[in-house]
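What follows is a short report on a single structure.
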Amino acid sequence: MSFSLADVIRVAHTLWPPGGAEAWDAPGLVSGDPSRPIRSIHLAVDAVSDTVDEAVEAGADLLLTHHPLLLRGVTSIAEDGYKGALLSRLIRANCALLAAHTNADVVADGVSDVIATRLGLIDALPITDSAAPETGIGRVGRLAEPTTVGHLAHTVLALLPATASGVRVAGDYLTPVTTVALCGGAGDSLLRHPRVLTADVYITSDLRHHPSSEAREQALCTGGPALMDVSHWASEWLWLEPAAEQLRTALPGIVVTVSELNTDPWSFAVVH
């Protein structure tokens, strides 16, 4: 059976409906001829020089990324800018570019759902509900067996691919943990959400100083979760293989591969 790029887009939009994306987001087709045949798809979190080179050198017909390359408006794709250079390289190689971003965050088996499943959370529900049942940003659920903040941090560290930042924790190592809230990618906008505030720990990425400090100080007064800050890229990379398997099932005969390149922007950390 043969499939065109248009066929692949229809499948992707069934798995990760664009209507589920946040209003500020820009998922969907970035470049490529919808009528062209697709024989191979390469998945990555980011469209950066390394993953574009990897897709082109592998002869992929489509690079499907989680993060949209053109998330913010641009007025030029000249090749003296990296976005123009990447798009030109893909176009010359007849490799299309498609993104599934927050629309892949909210669904069952989406980014946060995959983390919750890997942690073994029971009765996991979205932190923020979407219109469709059991969809929405983030997840919150119970651990099968209680643990501590410290032991959970080691579990999360082992679960994620290695990065320079590892797992940063705000909270006492021995604090008991039963309920876990999490959000793959940047999630400090949810720090004050009631479902986060009633969890024992909140796992997310890109936690900034002031929101994190305020959350921990407020927790001393009225209670609140310990915080775990993990690599943005690592938290979303876990989704790639389940997404690839969904595509293999829906598009039999198409070769679907997953990038194992580390595209976290931080190279190393120096600590005392």
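The values are calculated or read from the model by the stated rules, or taken from the named source; none is laboratory data. Owing to the predicted nature of the structure, the values given are computational and were not obtained by experimental measurement. In this analysis, Cβ positions are derived from the backbone assuming ideal geometry, glycine residues included, and neighbour counts consider all displayed protein chains.
Across the stretch 243-272, which residue is nearest to the chain's Cα centre (by Cα) among those that are without any contact (Cβ under 8 Å) to a residue 12 or more places away in the chain and not in a loop (DSSP other than H, G, I, E, B)?
245
Conditions tested, residue by residue: (1) outside the structural domain of residue 35 (by TED's automatic domain parsing); (2) more than 24 Å from residue 237 (Cα to Cα).
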{"residue": "77", "(1), (2)": "no, yes"}
{"residue": "83", "(1), (2)": "no, no"}
{"residue": "90", "(1), (2)": "no, no"}
{"residue": "93", "(1), (2)": "no, yes"}
{"residue": "119", "(1), (2)": "yes, no"}
{"residue": "123", "(1), (2)": "yes, no"}
{"residue": "126", "(1), (2)": "yes, no"}
{"residue": "155", "(1), (2)": "yes, no"}
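Counting residues that are among the hydrophobic types (A, V, I, L, M, F, W, C) and surrounded by fewer than 19 Cβ atoms within 10 Å (Cβ to Cβ), which strands (runs of 3 or more DSSP E) fully inside the stretch 56-142 reach at least 2? Quick ask: steps written out before the conclusion?
Details: elements: 62-65, 96-99, 122-125.
Fully inside the stretch 56-142 and qualifying: 122-125.
Given the structure, is residue 211 in a loop (DSSP other than H, G, I, E, B) and either within 29 Å of residue 176 (Cβ to Cβ) or in the same structural domain as residue 58 (by TED's automatic domain parsing) (or both)?
Taking the combined requirement at face value, the residue does not satisfy it.
Please indicate, with yes or no, whether at least one residue in the stretch 211-231 is aliphatic (A, V, I, L, M), farther than 18 Å from residue 157 by Cβ and buried (at least 18 other Cβ atoms within 10 Å of the Cβ). Can you show your working first?
Applying the first criterion (aliphatic (A, V, I, L, M)) to the stretch 211-231 yields 215, 219-220, 226-228, 230.
Within this subset, residues satisfying the condition of being farther than 18 Å from residue 157 by Cβ are 215, 219-220.
If we keep only those that are buried (at least 18 other Cβ atoms within 10 Å of the Cβ) too, we end up with 215.
So far as the stretch 211-231 goes, yes, one or more of its residues are aliphatic (A, V, I, L, M), farther than 18 Å from residue 157 by Cβ and buried (at least 18 other Cβ atoms within 10 Å of the Cβ).
If we keep just the residues of the stretch 200-241 that are touching a His at 6+ places or on another chain (Cβ under 6 Å) and among the charged types (D, E, K, R), which is farthest from residue 265 (Cα to Cα)?
This residue is 236.
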